[in-house]
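Colleague: The structure follows.
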Amino acid sequence: MLDFDTCEKARQARDPAYDGRFFTAVRTTMIYCRPVCPVKQPLTKNVRYYPTAAACERAGYRPCLRCRPETAPFSPAWNGTRTTVERALKLINEGALDTGSVDELAERLGVGARHLARLFAVHVGASPLQTAQTLRIGRAKRLLDETALPVTEVAVRAGFGSVRRFNAAFSRLYGRPPSAIRRPSP
């Protein structure tokens, strides 16, 4: 966190370089703002500074309706749709589509399945299912390279619902069955 004097100078100057780096909370109104907020400047004695919007809210302040501090640079709202895709990728990597559907994933993210597909097309260049398939095959390839597990166990641990689907996906990508990829043990 920046020191009080630095924050005070940035607030007085409405310096955009500090936007998102700290938040100004006003004790008399119980509202917090961004340093670039165009409202009338409060008295210095009534001001406190916080490093995040969450810290302001935890201290009992509510966001300003004019400068919308919850959308300050580097906040999830400021990152926009990229944040939704990043959350989806994290859930997919954790196996959300190994057992669930795209509709269920979209519901967890608070968006529709069609909108999620559009976001993936823009940010990832592939559908959520294609992304999940690529991650599953990558996990399977690592297991084949690094372990001596049977192919059926590799399929299950990688997130495939059946060995047949695993073999088909693997053969489609590599042009050979998973057993042909396995490195011989020394």
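The values are calculated or read from the model by the stated rules, or taken from the named source; none is laboratory data. All of these numbers come straight from a predicted model, not from anything done at the bench. For neighbour counting, all protein chains shown are included, and Cβ atoms are generated from backbone atoms with ideal geometry for every residue, glycine included. Heavy atoms of the whole protein, side chains included, go into the accessibility calculation; ligands, DNA and RNA do not. Shrake-Rupley method; radii C 1.70, N 1.55, O 1.52, S 1.80 Å.
Colleague: Which FRET efficiency value, to the nearest 0.05, is calculated for Lys90 and Ser179 with the Förster distance at 41 angstrom and r the Cβ-Cβ distance?
Modeller: In this case the efficiency is close to 0.80.
Colleague: From Cα pairs below 8 angstrom and at least 6 apart in sequence, can you work out the relative contact order of the stretch 1-87, rounded to a whole percent?
Modeller: For the stretch 1-87, the relative contact order is 28 percent.
Colleague: Okay, helix-only estimate at 222 nm for the chain: each DSSP H run of n ≥ 4 adds -39500 (n - 2.57), divide by all residues, round to 500 deg cm²/dmol; what do you get?
Modeller: Value at 222 nm, helices only: -15000 deg cm²/dmol.
Colleague: Of the accessible area of the chain, with the probe set at 1.4 angstrom, what percent is carbon plus sulfur?
Modeller: Here carbon and sulfur together make up 54 percent of the probe-accessible area.
Colleague: Moving on to the next point. Describe numerically, in nm with one decimal, the distance between label points set 7 Å from Cα along Cα→Cβ at Asp3 and at Lys45.
Modeller: Placing both labels 7 Å beyond Cα along the Cβ direction yields 2.4 nm.
Colleague: Let me check against my output: what whole-number percent is the relative contact order of the chain, with C-alpha pairs under 8 Å and at least 6 apart?
Modeller: Here the relative contact order equals 12 percent.
Colleague: Can you give me the accessible area per residue for the chain, using a 1.4 Å probe, in Å²?
Modeller: Normalised by residue count, the accessible surface of the chain is 60 Å².
Colleague: Something else: Using a Gaussian network model of the chain with C-alpha springs under 10 Å, which one of Lys40, Lys141, Lys90 is most mobile by mean-square fluctuation?
Modeller: The residue that fluctuates most here is Lys40.
Colleague: Which of (1) 1, 8, 13, 13, 9, 8, 8, 8, 7, 7, 6, 5, 4, 2, 0; (2) 1, 8, 17, 21, 21, 16, 8, 3, 1, 1, 0, 0; (3) 1, 8, 17, 20, 18, 14, 11, 7, 4, 1, 0 is the computed P(r) over Cα pairs in 5 Å bins from 0, in percent for the structure on display?
Modeller: (1)
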